[in-house]
Each structure stands twice: as C-alpha cells, then as structure tokens.
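Step one of this worksheet: look at the structure below.
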Amino acid sequence: MRSIGQHLVEAWPRLFRYALTLTREPDAARDLMQQSALKALSTGTTPSEPRAARAYLFRIVRHAWIDRIRRTRTRREDDLVDWPDEGFDDRLIEAIAVRQAFAALDAPCRTVVTCVDVEGLSYRETAERLGIPVGTVMSRLHRARRIMLHRIAGPSDGSEGR
C-alpha cells in the first residue's frame, strides 16, 4: 500500500496545473499546493486505490482554495496579457476575450471547464475528481459554455444569459 506522500508526488504536476487554474497566479498556486500538501500529509487516512487517492488529493486542493477564498473575500483583477507595441493580432484579442470570459465564471463552473476542456478529462473522471454527480458536471459545463459564449459574442437573440 502506497502512502499519501507517494500519491502526492505522482500527482503533483496535475495538481499544480489545477491549482494554477484556480488561483490564476503561479505564486498563489505554489502557496495553495503547499497548504494542500500539508493537509494531505497530516491526515491519517489514505485511499488505497491510486485513482481514488488522486481524486482525494484534488478535493483537498479544491477545498483549500475555497477556504482561502472565504477568508479573503476579495477579488483582484489580473493583467492577463502584455499589450504589444505595434498593432493588434485578432488571435490575441480572441485569447483575451476567452480569458476574460473564463475569469468571469463562478468557481464551480470554472473548475469543471478546466477539468473537461483544458485537461481533457471525461465527465466521469471530472465527477470523481470533484466529488460531484456526472449530471452536475454536465449541467455546469453547459452553463459555463453558454455564459462564455454570451460574454464573447454578445446576445444573439436579445435574451440576457438564458
């Protein structure tokens, strides 16, 4: 039986990408990972199956991030892109629009989009990682995509956020 430390070492790169997606700042992601590692290592229970251990670790990161948000209760604006000196590239403008729409999502939707669209996890894997039903994953993903499309393209039929 492997220890939680061994599972943590194996999952560290994926956990860090997840933390970076949540925090949107490398330093904050490192702090979150350190806090999560301490929590994971201080617990006495370890899931025996590697997949369950990985999902357990992702839940620890997610809950540590939620705790941090609850403590700070402030929202900062990020400088997402350095503007070029000459002209604008349509791809750059599109990337900025997507990043802004993604950043405007609430945390549960942003987390599901990250798992499914960024990391390429299946709905089932995402549900296991987040500890939520598959139907909730599908619902949040649909809502998130609709919200992002609305923010990027604007309302097409006059309906606001439907």
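The values are calculated or read from the model by the stated rules, or taken from the named source; none is laboratory data. In this text, all values refer to a predicted model and were calculated from it rather than measured experimentally. All accessible areas refer to the heavy atoms of the entire protein, side chains included, with ligands and DNA or RNA removed. Shrake-Rupley method; radii C 1.70, N 1.55, O 1.52, S 1.80 Å.
Only protein heavy atoms count here; on that basis, with a 1.4 Å probe, LEU38 has an accessible area of about 110 Å².
How many percent of the alpha carbon pairs in the range 1-75 exceed a separation of 15 Å? It would help to have the intermediate numbers written out before the result.
On the way: 1385 of 2775 pairs.
The proportion of pairs with Cα distances above 15 Å equals 50 percent.
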